[in-house]
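Below: one structure, written as structure tokens.
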Amino acid sequence: MQLLILAMLVAGAAAAALERRRIIGLGGHSCTNGSRPYQVALVKDGHIHCGGSLVDRKWVLTAAHCNKDIRSVRVHLGDYNLRTNEGTEQFRRVKNVIVHPEYNRRPRDNDFMLLELDEPAELNNDVKTISLATQCPAPGTKCIMSGWGSITSPQLTFPNELQCVELYSVSQDSCKERYRGLITENMLCAGVEEGGRDSCEGDSGGPLVCDGILQGVVSWGTDVCALPKRPGVYANVCKAVQWVTDTIRDRPN
């Protein structure tokens, strides 16, 4: 009997380990090359630091918690495979950093940061700006999260190609129920009930796009990504759109 119990425990532990190693992009895939022309990669020492979105020729919207050593990153526009040169890339440096004035590290409320580029982007088929949400998404809205973050968890595996994963926005009430005491009106949850699809390490600051509009900025989630009934948490763009537009307008060219 003791041997049987031991065998069951070992089998259960092995199953749990396999579950922890699941692919975050399960149901996701490499994005079609050129399909996310607003996508930005913030690269440090040759590795993905965070994602971002081009919201103006000179401005990138990302997450405030990506602020560490942010001036040392290289900003990649029009990139797809971070290990190859496709000829569509534009590279910029960060000229100015503006963190949302009401950003709170715990629990990452108003997790927004604007980066001013040293030179404006040259807009073309591979590099375009994206419009900001002026209305929050209805629950159940289909969205796409994209980035170069890890596709496994808790072990980390970073892809070369930009990844896309289909998620659905979650109601504020449900989001608050899943993360009691941690969710504010400046946050948005998105995921799938069964898990297996999520943003993860390295995706921070990247876009959650619903119906072609930027609705979310990858912010935080559970230590192990893509758990069932634990959607990812995004900074809620509809709550910060005025700050973004005012900040960009008020800065000299």
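The number of residues in the range 147-172 being under 19 Å from E193 (Cα atoms), modelled with pLDDT of 95 or more and open to solvent by less than 30 Å² (accessible area, probe 1.4 Å) comes to 4. Would you pick out the residues in the range 187-202 that are in contact with a Leu (Cβ under 7 Å, 6 or more places away or on another chain) and under 17 Å from K142 (Cα atoms)? A190, G191, V192, G195, G196, R197 - these are the residues of the range 187-202 that are in contact with a Leu (Cβ under 7 Å, 6 or more places away or on another chain) and under 17 Å from K142 (Cα atoms). Of all residues in the range 173-186, those being part of a helix (DSSP H, G or I) and either open to solvent by 80 Å² or more (accessible area, probe 1.4 Å) or in contact with a Leu (Cβ under 8 Å, 6 or more places away or on another chain) (or both) number 4.
So which residues in the range 53-77 are in a helix (DSSP H, G or I) and not small (G, A, S)?
H65, C66, I70, R71
When the range 201-224 is limited to residues that are touching an Asp or Glu at 6+ places or on another chain (Cβ under 8 Å) and open to solvent by 10 Å² or more (accessible area, probe 1.4 Å), the one that is nearest to L132 (Cα to Cα) turns out to be W220.
Residue-wise test of (1) of a type in the set (D, E); (2) out of contact with any strand residue (DSSP E or B) (no Cβ under 8 Å at 6 or more places or on another chain); (3) part of a strand (DSSP E or B).
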| position | (1), (2), (3) |
| --- | --- |
| D79 | yes, no, no |
| T88 | no, yes, no |
| F91 | no, no, yes |
| K95 | no, no, yes |
| E102 | yes, no, no |
| R106 | no, yes, no |
| D111 | yes, no, no |
| E116 | yes, no, yes |
| E119 | yes, no, no |
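Pairing residues of the range 85-106 that are hydroxyl-bearing (S, T, Y) with residues that are assigned to a loop (DSSP other than H, G, I, E, B) and at pLDDT 95 or above, at Cβ distances under 6 Å and at least 6 apart in sequence or on separate chains, gives T88/G78; T88/D126; Y103/N110.
Per this entry, A121 is not counted among residues that are over 16 Å from V192 (Cβ atoms) and loosely packed, with under 15 Cβ neighbours inside 10 Å. Consider the range 196-253 and keep the residues that are at pLDDT below 95 and not in a loop (DSSP other than H, G, I, E, B). The one that is farthest from V99 (Cα to Cα) is R197. Within the range 231-244, being surrounded by fewer than 24 Cβ atoms within 10 Å (Cβ to Cβ) and under 17 Å from K142 (Cα atoms) holds for one residue alone: C238.
Any chance the range 35-48 includes a residue that's in a loop (DSSP other than H, G, I, E, B), under 22 Å from T152 (Cβ atoms), open to solvent by 20 Å² or more (accessible area, probe 1.4 Å) and touching a residue at least 40 places away in the same chain (Cβ under 8 Å)?
The answer is yes, given that some residue of the range 35-48 is in a loop (DSSP other than H, G, I, E, B), under 22 Å from T152 (Cβ atoms), open to solvent by 20 Å² or more (accessible area, probe 1.4 Å) and touching a residue at least 40 places away in the same chain (Cβ under 8 Å).
Taken as a whole, the range 42-56 holds at least one residue that is within 30 Å of E194 (Cβ to Cβ), at pLDDT 90 or above, within 14 Å of the chain's Cα centre (by Cα) and β-branched (V, I, T). Scanning the range 134-172 for residues that are within 29 Å of E89 (Cβ to Cβ), in a loop (DSSP other than H, G, I, E, B) and of a type in the set (A, V, I, L, M, F, W, C) turns up W148, I151, L156, F158, L162. Contact map, the range 68-84: residues that are of a type in the set (F, W, Y) paired with residues that are in a loop (DSSP other than H, G, I, E, B) and surrounded by 15 or more Cβ atoms within 10 Å (Cβ to Cβ), Cβ distance under 7 Å, separation 6+ or inter-chain. Pairs shown: Y80/L162.
The values are calculated or read from the model by the stated rules, or taken from the named source; none is laboratory data. All values reported here derive from a predicted model rather than from experimental measurement. Glycine also receives a Cβ, built like all others from the backbone with ideal geometry; neighbour counts cover every protein chain displayed. Note: accessible area is taken over every heavy atom of the protein model, side chains too, but ligands, DNA and RNA are not part of it. Shrake-Rupley method; radii C 1.70, N 1.55, O 1.52, S 1.80 Å.
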